[in-house]
């Protein structure tokens with residue numbers, strides 16, 4: 001097994017720096033999904049050439065753009081030096097994932113739009129008998145949107161076994177706890193009722209993440225797959241964790257220094 005803990009910790013340190021220098025926000029949303037992305041990007045058929053047969057990855061929770069840019073740079077899709085321009089005047093690397101950036105398949109951040117686009121990609125690939133797969137990382141807040149469930153029904157109808165949804169279930173959305181805003185639990189039962197294969201994992205347990213993602217590559221599947229990753233918003237820095245305010249707050253120098261110290265300690 002690759003050293004996913006080290007990969008994820010390095011990602012958190014760089015994303016922390018990017019968000020701090022840009023006086024940007026959404027550090028909590030970035031940190032909740034980095035462990036999943038560390039494993040997924042090690043598995044995807046994706047390289048710097050962006051060949052037509054590459055796997056497609058869609059970041060529907062587009063406000064975690066800093067993490068996507070980091071992992072695209074690790075794959076050689078964008079230059080690592082470009083990360084230094086994140087959030088700076090005139091840069092194409094901003095707080096939402098936009099298609100101006102090489103390797104960003106669709107713009108993300110408008111809730112409820114990601115899965116319909118992923119559905120179209122997977123359906124097109126199936127009709128064309130292409131072998132590449134479509135992966136989409138969604139927030140649990142997006143499950144409030146009707147377009148999510150319309151797309152889920154269509155994906156099951158067409159038996160899109162080339163489509164994998166990963167839900168970053170960190171239990172928070174923009175205005176509060178997901179259970180308080182609109183309680184969608186139990187999530188596994190909802191997805192099963194739409195005739196999807198369902199795997200529920202600890203989204204910070206690298207062994208569970210890897211096993212789930214490996215399942216997505218099995219050609220014996222006959223249904224679309226959803227991986228429900230139970231995560232902690234702000235994972236990795238104690239004073240970020242489970243705090244809604246880090247959906248919005250920027251990171252001042254003192255918080256940056258303290259957060260970096262924790263991450264450096266985690267890496268030992």
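The single condition from (1) touching a helix residue (DSSP H, G or I) at 6+ places or on another chain (Cβ under 6 Å); (2) in a loop (DSSP other than H, G, I, E, B) that residue 227 fails is (2). Selection of first residues in the stretch 237-251 that are within 15 Å of residue 33 (Cβ to Cβ) and of second residues that are surrounded by fewer than 15 Cβ atoms within 10 Å (Cβ to Cβ) and at pLDDT 95 or above, restricted to Cβ pairs under 6 Å at least 6 apart or on distinct chains, gives an empty result.
Being in a loop (DSSP other than H, G, I, E, B) and crowded, with 17+ Cβ neighbours inside 10 Å is the filter here; which residues of the stretch 185-215 pass it? 194, 196, 203, 204, listed by residue number.
Looking only at the stretch 159-174, count every residue that is assigned to a loop (DSSP other than H, G, I, E, B) and in contact with a strand residue (DSSP E or B) (Cβ under 9 Å, 6 or more places away or on another chain) and tell me the total. Residues that pass the stated criteria total 5. Within the stretch 218-235, the set of residues being surrounded by 15 or more Cβ atoms within 10 Å (Cβ to Cβ) and within 17 Å of residue 135 (Cα to Cα) comprises 221, 223, 224, 225, 226, 227, 228, 229.
The rows are residues; the columns are (1) buried (at least 21 other Cβ atoms within 10 Å of the Cβ); (2) assigned to a helix (DSSP H, G or I); (3) on the phi > 0 side of the Ramachandran plot.
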residue	(1), (2), (3)
10	no, yes, no
15	yes, yes, no
18	yes, yes, no
30	yes, yes, no
37	yes, yes, no
46	yes, no, no
101	no, no, no
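Please work out if residue 67 is crowded, with 16+ Cβ neighbours inside 10 Å, free of Cβ contacts under 8 Å to residues at least 24 places away in the same chain and under 16 Å from the mean Cα position of the chain (by Cα). No.
The values are calculated or read from the model by the stated rules, or taken from the named source; none is laboratory data. Since the structure is predicted, the reported quantities are computational estimates derived from the model, not experimental observations. Note that each Cβ is placed from the backbone with ideal geometry, even for glycine, and that neighbours are counted across all protein chains shown.
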